[in-house]
Every structure is written in C-alpha cells, then in structure tokens.
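To keep things clear, I will list the structure first and then write my remarks on it.
Just so you know, all these numbers are worked out from the coordinates, no wet-lab data involved. These figures come from a predicted structure and were not determined experimentally. Neighbour counts are summed over all protein chains in view; Cβ atoms, including those assigned to glycine, are modelled from backbone coordinates with ideal geometry.
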C-alpha cells in the first residue's frame, strides 16, 4: 500500500524522495493515531471521511499476504531446525 501511495504521488509530479517521505509520514501518523486512541477503526474511518478503496478487498489482500508470509516463515523454520 505504501508503494502505491508513493507511485501515485510521483505520478502527480512530486519528486520521489518527497513522495517517499510523505507516504512514510502518512503511515507513521496513522499508526500513532490508532495506537493512541480508544476509538474503534470504524469510528476513525468515519471521522476521516475519505474512502477510496474497497475496505473488504483491501483486508482480504492484507490477510492473504500475511498468511503467505507466515507459511514461508514456518517452512524456513522447519528447514533450519532440520539442518
């Protein structure tokens, strides 16, 4: 997701180094917001009021990527344990 944000920002004419810094700040700020509040994610999304992606599809994509990474790590751990 961060790579897509950087790419879109660069495509809009922002230099890549600034696009990268801005995208990193967006994700860092989002993390601080989520960690620093007792509000639900649904509440936070409602406060922001900006929805440009299918939340369910994005969630499935992240979940799938997580499961794939976990499977690879488990396979690597098994290989290392038998070595």
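A few notes on this one:
- Coordinate range along principal axes, alpha carbons of the chain, Å, largest first: 49, 35, 25
- C-alpha long axis of helix 16-35 to longest principal axis of the chain, angle in °: 80
- Between helix 55-82 and the chain: long-axis angle, C-alpha atoms, 0 to 90°, nearest 10: 30
- Ranked by the mean number of other Cβ atoms within 10 Å per residue, highest first, peptides 58-64, 77-83, 14-20 order as 14-20, 58-64, 77-83.
- In terms of the mean number of neighbouring beta-carbon atoms within 10 Å, the peptides 69-75, 2-8 order highest first as 2-8, 69-75.
- Rounded to the nearest 10 degrees, the inclination of helix 2-11 to the longest alpha-carbon principal axis of the chain is 40 degrees.
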